[in-house]
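*Asks:* The structure is given below, and queries will be raised subsequently.
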Amino acid sequence: MPRNGNVERRTILKAAGASAAALGLATTTGCGGDSGAGDGSVTLRYAWWGGEPRTIAIKKTIALFEKKYPKIKIKPEFTDYAAYWEKFQTQASGGNPPDVFQNAVGFLRKYDKRGVLMDLKTQADAGNLDLENFRNGVLANGQVDGKQIGIPVGANTMALVIDLKAFEKAGVEAKFGWTWDEYFAALQKIQDKLKIAGDTGYFGIMYLYDLYLRQNGKAFFTDSDLGFTEDDLTQWWADGYKRVKSGLVADPKKIEQVAPKSGLSAGLAASEFTWDNFSIRYEGEGESDYGLAPIPTTDGKDTGQYLGSLMLSAFSGTKHPKEVAQFISFMVHDPEVGKIMGYDRGILATTEQYDAFKPTDPNNKGVSAYEDEVAKAGVLGKITPHPSGADVIEAAFLRIGGEIAQGKTKPADGAKALFSEAKAAFAG
Amino acid sequence: MTLVKEAPARPAQKRSAAPVAGRRGRRRENLAGYLFMSPWIAGFLLLTAGPMIASLYYAFTSYNLFTPPKWVGLDNFTTMFQDPRWQKSVEVTLKYVVVATPLKLLLALGVALLLAQKRRGQALYRAAFYMPSLIGASVSVGFVWRALFSDGAVVDRTQKVFGLDVGGWIGNPDYVLYALVALSIWQFGAPMVIFLAGLKQVPQELYEAAEMDGAGPFRRFWNITLPMISPVLFFNVLLESIHAFQVFGSAYVVSDTRCGPADATLVYTCYLYQKGFKEAQMGFASAMAWTLVIAVALVTAVLFWSQKKWVHYEEAAK
């Protein structure tokens, strides 16, 4: 554990706690996760990000787990995505992260490098965690340098969500294997016929650019660096800005105004690239009907897609590794949990859960059908865990993309800025 | 006059009653004083002085929270001055200070002048105008502001009536900072109360004399009110500009935690926060914090130096 640097601060904190307690200011000290109660029961802290529906569902699954394992108590912690990682970073640096927490591919190497993540293989070997029955090889998403530091709860892939009515009215069709040229021609048709933009702002989405690069034999990240050149990015952003100017892509000012609602459901544009499991939100937010369409390609075949996933990771310093492993195993395999969670965090990762949950509403059915189709098309590539600092670069990509769209930064300057920020992020 | 005579009598009595125990008594009194202050002293040392010293040290290190801080000398400062986003944050902050502070003080003074006059329901008016300052710092008001200045919201529709079609302010990098300025101006209650107190101190006979000499309302304001309240004005300018340099909450909430769009509301503290807590560059963030401390100290010093030229204390008036 590389925690030497914190000794000084923690001593101060302890002293602060002690003096506060001595003064009678603090009646409780919150170290719930660390201590077992007298009756042999243990308490685990479990943290995740997400909206209210996810929280309600997860709390149900916790109740289910506690019923089955009466000796293990789960203390939930949840916030939205932005606050989640700030909080986690602070907790982890203080040596006090949650025992089990939701994780994603952009953070694996980062926290592995900092010694925060437990290698769950040891627990699997000890029989406390089942690593069988994961679909489509998605288990590999949680592996870094031969260690299993994340267990996928679901799988998702990038998709194009389209406003079905708008596409129909404009008389354009989204079909497998269509090219970028065809996609932009479709946007032009939509603009001509319906007087609305076609896309909400594709060129600021890092994961979409990753697909585009993969279609061209590159990738956004290598193991430790960026996998493209400044010129590549300048070109990507210059094209994007050109399309904002011509109205093919929605006015970024308007998109900004309607947030947190998406530009697609607000009717500002007819399509938007996003993760397929996010698509469920549009039906609730917007007035139209929405569907999933294939990613445009460069060569008419390769979409560059792969299965991403949310996963559960464990704190390497947890006092209860066995219980943590049992908890994760239950959460990813138990059929009842699968029924409760549905496709909220992507298509369920294990066969037990996938078979248990039969989607009944058109949205979930659509997501399921889409991923089946993608899997069948045989276009799925392998994901590489992002290098440490990827989260910072993703935020910079979105921010600079926004500046370019607003006409505040020139594409070439933006690309230069991203490369210099990436350099700092990799070093951090 | 009688009071003055009586006052020294008490300590004299004490002194004569116990001349030897006096020193010990005072020491005990001091001890009691320190004891009562100890929660504050402990709090100050542990929660203010300690972290400040630590952050001064971190300002010269590269520190990502996880690995031990590495001494890098002045590196943080040199990268900081070359960092275009840091420059942008300085630019945004200065713009905010320069626009928001005078406007806020102008409004505070204007309303104070109105409220200083005796009329029915005065207390109610004062409370009503002060109210926004009580709730203004809350996150919920930030959200309200976001809703007010969005595209198609109240502000947007109102300005369209006047033929100004710029869309909402929130998504527009050219306007969003002014939404923050508006939020700051709206909370003019605190300087207003201080102005009110200052206005009450101006001797009425000055006005009467000026009126007899035939001075109009503007003349009276310019030649009597302003010089007489200049110490209060100085105090308000000082306080409000320091306050404005540290703006954070409103920028963070109104711009949905991104200090944007296009870094348009990237005020200094917002960038500092991003560097520290999002990018885990605590050394850089500490360097930024200390640079802000020094900058604010400099501004304060300049203001103090300038007061000789425009602030009239009563001694000076003599």
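*Asks:* Which number in (1) part of a helix (DSSP H, G or I); (2) within 14 Å of chain A (Cβ to nearest Cβ) marks the one condition that B:Leu303 misses?
*Replies:* (2)
*Asks:* While we're on this one: Output the residues belonging to the stretch A:94-126 that are modelled with pLDDT under 95 and basic (Lys, Arg).
*Replies:* A:Arg109, A:Lys110, A:Lys113, A:Arg114
*Asks:* Are any residues in the stretch B:27-53 surrounded by 14 or more Cβ atoms within 10 Å (Cβ to Cβ) and either small (Gly, Ala, Ser) or not in a helix (DSSP H, G or I) (or both), and if so, which ones?
*Replies:* B:Ala42, B:Gly43, B:Gly50
*Asks:* Given the conditions (1) over 22 Å from A:Ile62 (Cβ atoms); (2) surrounded by fewer than 21 Cβ atoms within 10 Å (Cβ to Cβ), which single one is not true for A:Asp344?
*Replies:* (1)
*Asks:* Among the listed residues A:Asp99, A:Asp112, which satisfies the condition of being within 14 Å of chain B (Cβ to nearest Cβ) and in contact with a strand residue (DSSP E or B) (Cβ under 7 Å, 6 or more places away or on another chain)?
*Replies:* On the way: A:Asp99 fails: within 14 Å of chain B (Cβ to nearest Cβ).
After ruling out the rest, the residue left standing is A:Asp112.
*Asks:* Out of B:Phe248, B:Phe304, I need the residue that is closer than 30 Å to A:Pro260 by Cα and either surrounded by fewer than 17 Cβ atoms within 10 Å (Cβ to Cβ) or out of contact with any helix residue (DSSP H, G or I) (no Cβ under 9 Å at 6 or more places or on another chain) (or both). Which one?
*Replies:* Unique residue meeting the criteria: B:Phe248.
*Asks:* Is it the case that A:Lys319 is outside any helix (DSSP H, G or I), surrounded by fewer than 17 Cβ atoms within 10 Å (Cβ to Cβ) and modelled with pLDDT of 95 or more?
*Replies:* Numbers: outside any helix (DSSP H, G or I): yes; surrounded by fewer than 17 Cβ atoms within 10 Å (Cβ to Cβ): yes; modelled with pLDDT of 95 or more: yes.
Yes, satisfied.
*Asks:* For A:Leu44, indicate whether it is among the hydrophobic types (A, V, I, L, M, F, W, C) and either under 21 Å from the mean Cα position of the chain (by Cα) or not in a helix (DSSP H, G or I) (or both).
*Replies:* Here the answer is yes, as A:Leu44 does meet what is asked.
*Asks:* B:Gly163 fails exactly one of the following numbered conditions: (1) surrounded by 12 or more Cβ atoms within 10 Å (Cβ to Cβ); (2) over 23 Å from B:Leu238 (Cα atoms). What is the number of that condition?
*Replies:* Unmet for B:Gly163, out of (1) surrounded by 12 or more Cβ atoms within 10 Å (Cβ to Cβ); (2) over 23 Å from B:Leu238 (Cα atoms): (1).
*Asks:* So, in the stretch A:385-425, exactly how many residues are within 18 Å of A:Lys245 (Cα to Cα), within 11 Å of chain B (Cβ to nearest Cβ) and not in a helix (DSSP H, G or I)?
*Replies:* Matching residues across the stretch A:385-425 total 4.
*Asks:* Which one is modelled with the highest pLDDT among residues in the stretch A:374-423 that are out of contact with any helix residue (DSSP H, G or I) (no Cβ under 7 Å at 6 or more places or on another chain) and hydroxyl-bearing (Ser, Thr, Tyr)?
*Replies:* Across the stretch A:374-423, the extreme among qualifying residues is A:Ser420.
*Asks:* Further question: Could you list, in sequence order, all residues of the stretch A:214-237 that are surrounded by fewer than 17 Cβ atoms within 10 Å (Cβ to Cβ) and among the small types (Gly, Ala, Ser)?
*Replies:* Scanning the stretch A:214-237 gives A:Gly217, A:Ser224, A:Gly227.
*Asks:* Go through the stretch B:111-128 and report how many residues are free of Cβ contacts under 8 Å to residues at least 60 places away in the same chain and in contact with a Phe, Trp or Tyr (Cβ under 9 Å, 6 or more places away or on another chain).
*Replies:* Of the residues in that region, 2 qualify.
*Asks:* Something else: Could you tell me whether the stretch A:140-163 includes any residue that is in a helix (DSSP H, G or I) and out of contact with any strand residue (DSSP E or B) (no Cβ under 7 Å at 6 or more places or on another chain)?
*Replies:* Looking for residues that are in a helix (DSSP H, G or I) and out of contact with any strand residue (DSSP E or B) (no Cβ under 7 Å at 6 or more places or on another chain), one finds at least one in the stretch A:140-163, hence yes.
*Asks:* While we're on this one: Can you report the number of residues in the stretch A:287-339 which are β-branched (Val, Ile, Thr) and more than 29 Å from A:Thr122 (Cβ to Cβ)?
*Replies:* Selection size over the stretch A:287-339: 4.
*Asks:* Still on this structure: Would you mind listing the helices (runs of 4 or more DSSP H) fully within the stretch A:164-266 where at least 2 residues are away from chain B (no Cβ under 14 Å), without any contact (Cβ under 8 Å) to a residue 60 or more places away in the chain and under 14 Å from A:Gly401 (Cα atoms)?
*Replies:* Answer list for the stretch A:164-266: A:230-245.
*Asks:* Then there is this: If a residue must be in contact (Cβ under 8 Å) with a residue 12 or more places away in the chain and either in contact with a Lys or Arg (Cβ under 7 Å, 6 or more places away or on another chain) or more than 12 Å from chain A (Cβ to nearest Cβ) (or both), how many such residues does the stretch B:67-79 contain?
*Replies:* Qualifying residue count for the region: 3.
*Asks:* Still on this structure, please answer the following. Could you grab me the full set of residues in the stretch A:249-283 that are among the aromatic types (Phe, Trp, Tyr) and either touching a strand residue (DSSP E or B) at 6+ places or on another chain (Cβ under 6 Å) or crowded, with 22+ Cβ neighbours inside 10 Å (or both)? Steps first, answer last, please.
*Replies:* The first filter runs over the stretch A:249-283 and keeps only residues among the aromatic types (Phe, Trp, Tyr), leaving A:273, A:275, A:278, A:282.
Scanning the stretch A:249-283 gives A:Phe273, A:Trp275, A:Tyr282.
*Asks:* Need the failing condition index for A:Leu108 against (1) buried (at least 21 other Cβ atoms within 10 Å of the Cβ); (2) within 17 Å of the chain's Cα centre (by Cα); (3) in a strand (DSSP E or B), just the number.
*Replies:* The number of the failed condition is (3).
*Asks:* Among the residues of the stretch B:56-66, what is the count of those that are out of contact with any Lys or Arg (no Cβ under 8 Å at 6 or more places or on another chain), within 11 Å of chain A (Cβ to nearest Cβ) and modelled with pLDDT of 95 or more?
*Replies:* 2
The values are calculated or read from the model by the stated rules, or taken from the named source; none is laboratory data. As the structure is a computational prediction, the values presented were derived from the model and not from experiment. Cβ: placed from backbone, ideal geometry, glycine included. Neighbour counts: every protein chain shown.
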